[in-house]
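This report concerns only the one structure given below.
The values are calculated or read from the model by the stated rules, or taken from the named source; none is laboratory data. Computed from a prediction, not measured in an experiment: that's the story for all the values here. Note: ideal-geometry Cβ built from the backbone for every residue, glycine included; neighbour counts use all protein chains shown. Surface accessibility is based on the protein's heavy atoms, side chains included, excluding ligands, DNA and RNA. Shrake-Rupley method; radii C 1.70, N 1.55, O 1.52, S 1.80 Å.
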There are 4 protein chains.
Amino acid sequence: MSPPVTRSRLSSRPAAKAASAKRGSHSKSLAAPKTRDADRSRAAILDAATDAFAELGLAGARVDEIARRAGVNKALLYHYFGNKEALFVAVLEATYARIRGAESALDLERFEPAEAMTKLVDFTWGYFQEHPEFIHLVNSENLHRARHLAQSERLHEMHHPLVERIREILGRGVASGVFRMGVDPVQLYITIASLGYFYLSNAHTLGVVFSRNLLSAQSRGARRRHIQEVVAGYLRPEIDHA
Amino acid sequence: MSPPVTRSRLSSRPAAKAASAKRGSHSKSLAAPKTRDADRSRAAILDAATDAFAELGLAGARVDEIARRAGVNKALLYHYFGNKEALFVAVLEATYARIRGAESALDLERFEPAEAMTKLVDFTWGYFQEHPEFIHLVNSENLHRARHLAQSERLHEMHHPLVERIREILGRGVASGVFRMGVDPVQLYITIASLGYFYLSNAHTLGVVFSRNLLSAQSRGARRRHIQEVVAGYLRPEIDHA
Amino acid sequence: MSPPVTRSRLSSRPAAKAASAKRGSHSKSLAAPKTRDADRSRAAILDAATDAFAELGLAGARVDEIARRAGVNKALLYHYFGNKEALFVAVLEATYARIRGAESALDLERFEPAEAMTKLVDFTWGYFQEHPEFIHLVNSENLHRARHLAQSERLHEMHHPLVERIREILGRGVASGVFRMGVDPVQLYITIASLGYFYLSNAHTLGVVFSRNLLSAQSRGARRRHIQEVVAGYLRPEIDHA
Amino acid sequence: MSPPVTRSRLSSRPAAKAASAKRGSHSKSLAAPKTRDADRSRAAILDAATDAFAELGLAGARVDEIARRAGVNKALLYHYFGNKEALFVAVLEATYARIRGAESALDLERFEPAEAMTKLVDFTWGYFQEHPEFIHLVNSENLHRARHLAQSERLHEMHHPLVERIREILGRGVASGVFRMGVDPVQLYITIASLGYFYLSNAHTLGVVFSRNLLSAQSRGARRRHIQEVVAGYLRPEIDHA
DNA sequence: CATGAATGAGATTTCATTCAT
DNA sequence: GATGAATGAAATCTCATTCAT
């Protein structure tokens, strides 16, 4: 397993440009050649911006560099997105949409409560590992007190199903006696996220502080097991002293 | 209880001016406007820089503004610290020194294992709440992959005692049968930190995402209890199936 | 004849604006105020920089002033040249290219050895007089130990023909008995340059030291004759004592 | 023979500080301890300034660095010399005084004309080699059009004897038939200076331009011989066509 | 749709000089 | 005579953004 963080390429999203073979003198579809180019440019910009903002934050990223990486002119970037902050908002929305989409695909309802929970924990940890850009972008946005996220209206609806899904699993687990009672699903989700997110997000400082390489394959494996144990340990019902 | 994060004043560190009682009794004017006291100026700059970097990050903070807030000339800032990045390093060092100093003062050795652990969890949660600048600065530094922290040599030694203290508590707890065996102290500390740090650090985005005010006094109280439960739940020994 | 050194305008290079006839015949407005012509802007910057560096040296010249004189924004200057030093390198290269270009145009091969030498000496003296910016720039660069010139790769090839031309003249002169034998062409060129360059370069201090105006038309005429005599006197073959 | 130009130490003037053996707890002479310290500080500043201005020019040298090298406080430098330009003037005066002093010590009157001339040429070449700071400072001053030198009143009188000495040698040489007639002593002195000064002053650019190391011991020896030949060749009387 | 040219405002940093003791 | 602290002004350089085509 290779380390998930690489300098030159932070994200593992589907590359926007790879698909277009330098577009020959004629576009493939005669129906909508203009639109396809426009979409492609937009996507390329968004992609480059995601990388740049993740790497350097909102203040640190350079519009010049984003345009260069996207292979388009700066003016076009402004044409499509208005300004740097609006571009950042677009990047955030797309980023959240991706994680929630992947989560939905888990179909947790099909599994027993304990297994469903294990799967959720693994997915979350795995996603954070494979998507360092998610962590970096969310950190950046927190530095700005979620000022940009607050502008998005699609977000609430995006997250409602997640909470409901967890609530449902917890309910089934309590009913079958494998989970303790009274667990708040939001609280639990935050905890699940915490245990992986903080570790990865702060791996660099923690690594220096504790003189350990926290990103080696071995360290990450140990962390995965630890997280599963913490969640499972917490969810165990209290011992019955009858 | 008021929310701990305010825009104009992020930190609650001891004010720099107070610290300077070193000038002997023969200090001429009691209300000297132009300072001419190197220590005081240095401290004022460090203080202002801590606020600014915490609020806006390394890239976002402005040297001009830091000097203004410190009440000194920009040139003096450069005279003392060399450049913006070196100032950031100085801020980080001082910030870590403060939290580790406060931690040492807990004297956890005096308490029973369970109580010591509760105290450590409470301290950590409490410190993060009262010191949003710590969280923001560490986040910023992680954005830079701990590049600046790596330059500091005093850090390792600063953190060694922390790990040893936790290891000792765990050992006593296992011996007296109240803790499970085989817990890695570093892993556990990261978990304790995670549960509070992530919640506070990401309170803004999480608040938008889950449409909840996570920083209300009530929410924070609930989180405190949840964290204690998670840690305690995890540390509980396995049920004896005899 | 007016003194060749004037404060406001050191160079007599072909003005940048004149050079831009490249924009096709369909150039809309004849007196476009905002240029939008990259070549013209580049040339204007180079031109202004040549003046400024010649007048004040690398350290003394001001980027602000160069941009102002070129009629462009500072940012554009940085866009084209990167930084002040790189601009200085570009100025040096262009400056050497001009003198070597003018020299080539002499076609010394067409003349008898003695006449060719007289022409070369006159050209050199004349060029130094008419191009005080050459002297000033080269002096500046020597102050920097040719650090910038060493970065240029085009220089060697630029100077090879010069040496070969002198060697050829010397050869012919020895063959026809008008020049002494064993003269090193590089050594001779340095001497020819010395006699004029030093006089003009140091005219100000020498003028003060010897209480003479060395830049009057009369003084300059006298120096020209002196230089011709020195070179001719040196090249005379040894007296044959047969 | 060691190379005359070294980066760390440009001048070979008597070091100001070497003489003072760290000045023990008691100054040597009880009579004027204060004065001696003052002189020492002044000399140290002048010395450091000479190095700095020679290395970097007036604009390039830093007052901070001069004070540091002199081992004194910046304020003291200002106390003694007023400002940077005045310090530069003081450096120039001292520099010219040194070369004229050394020249006077030659006692050229004692020698036959041809030998006296050879000695003068050798001295000039030798002095320039051993005192690169002289060349650099004079170049800097020429960049400023002798603005500072013009402020010094002691200069004219300093140089009058030099011209008279050369005139006297020339006169004797013409009388004894070894020199040509009608040579202007000022013109000749400038030529003698040119041939060495330009070579050394421009050694860096010429070295790059001609791809030769002009500062090797061998190159410098060749130049010395060439200069003697040029001067001697020029001074030879015209061939008698009787 | 797309671009290269150009810019204004403001960022960090430098440096000669003065102040207070 | 000497110093460390402090500064104002100005330098180089950056960067988000707009213009003209």
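Things to note:
- Which listed residue, of A:Gly173, A:Gly177, A:Gly196, is surrounded by fewer than 20 Cβ atoms within 10 Å (Cβ to Cβ) and small (Gly, Ala, Ser): A:Gly177
- Residue list for region C:120-138, filter: within 9 Å of chain D (Cβ to nearest Cβ) and open to solvent by 10 Å² or more (accessible area, probe 1.4 Å): C:His136
- Output for region D:86-99, where each listed residue is within 14 Å of another protein chain (Cβ to nearest Cβ) and within 14 Å of DNA strand E (Cβ to nearest atom): D:Phe88, D:Val89, D:Val91
To keep it simple, each residue is scored yes or no on (1) assigned to a helix (DSSP H, G or I); (2) closer than 28 Å to D:Glu109 by Cα; (3) without any contact (Cβ under 8 Å) to a residue 60 or more places away in the chain.
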site: D:Leu137; (1), (2), (3): yes, no, no
site: D:His160; (1), (2), (3): yes, yes, yes
site: D:Gly177; (1), (2), (3): no, yes, no
site: D:Ser194; (1), (2), (3): yes, yes, yes
site: D:Thr205; (1), (2), (3): yes, no, yes
site: D:Val208; (1), (2), (3): yes, no, yes
site: D:Ser219; (1), (2), (3): yes, no, yes
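- Hits in region A:224-234 - residues which are more than 7 Å from chain B (Cβ to nearest Cβ), of a type outside the set (Val, Ile, Thr) and under 23 Å from the mean Cα position of the chain (by Cα): A:Arg224, A:Arg225, A:Gln228
- Single unsatisfied condition, D:Asp184 versus (1) open to solvent by 20 Å² or more (accessible area, probe 1.4 Å); (2) modelled with pLDDT under 95; (3) within 22 Å of C:Leu200 (Cβ to Cβ): (2)
- Matching residues, region D:16-38, being at pLDDT 60 or above and either among the acidic types (Asp, Glu) or more than 12 Å from DNA strand F (Cβ to nearest atom) (or both): D:Asp37
- The set of residues in region D:204-213 that are facing chain C (nearest Cβ under 8 Å) and of a type outside the set (Phe, Trp, Tyr) comprises D:His204, D:Thr205, D:Leu206, D:Gly207, D:Val208, D:Val209, D:Ser211, D:Arg212.
- Candidate set: region D:60-88, residues that are of a type in the set (Gly, Ala, Ser), crowded, with 16+ Cβ neighbours inside 10 Å and within 13 Å of DNA strand F (Cβ to nearest atom); chosen: the one modelled with the lowest pLDDT: D:Gly60
- Within region D:155-180, the set of residues being within 12 Å of chain C (Cβ to nearest Cβ) and more than 14 Å from C:Val209 (Cα to Cα) comprises D:Ile166, D:Phe179, D:Arg180.
- Taken together, the residues in region D:39-59 that are among the hydroxyl-bearing types (Ser, Thr, Tyr) and modelled with pLDDT of 95 or more amount to 1.
- Of the listed requirements (1) within 10 Å of another protein chain (Cβ to nearest Cβ); (2) closer than 17 Å to B:Arg145 by Cβ, A:Ser152 misses just one: (2).
- For region D:139-158, a tally of residues being open to solvent by 50 Å² or more (accessible area, probe 1.4 Å) and in a helix (DSSP H, G or I) returns 5.
- Close contacts from region B:62-85, counting a first residue that is within 14 Å of another protein chain (Cβ to nearest Cβ) and among the small types (Gly, Ala, Ser) and a second that is within 12 Å of DNA strand F (Cβ to nearest atom) and open to solvent by less than 70 Å² (accessible area, probe 1.4 Å), with Cβ to Cβ under 9 Å and a gap of 6+ residues or different chains, come to B:Ala75/B:Ala67.
- Residue match in region D:41-57 (condition: of a type in the set (Ser, Thr, Tyr) and either crowded, with 21+ Cβ neighbours inside 10 Å or more than 14 Å from DNA strand F (Cβ to nearest atom) (or both)): yes
- Taken over region B:98-111, the residue count meeting the criterion of being touching a residue at least 40 places away in the same chain (Cβ under 8 Å) and surrounded by 14 or more Cβ atoms within 10 Å (Cβ to Cβ) is 4.
- Residue check, C:Glu130 at pLDDT 95 or above and within 14 Å of the chain's Cα centre (by Cα): yes
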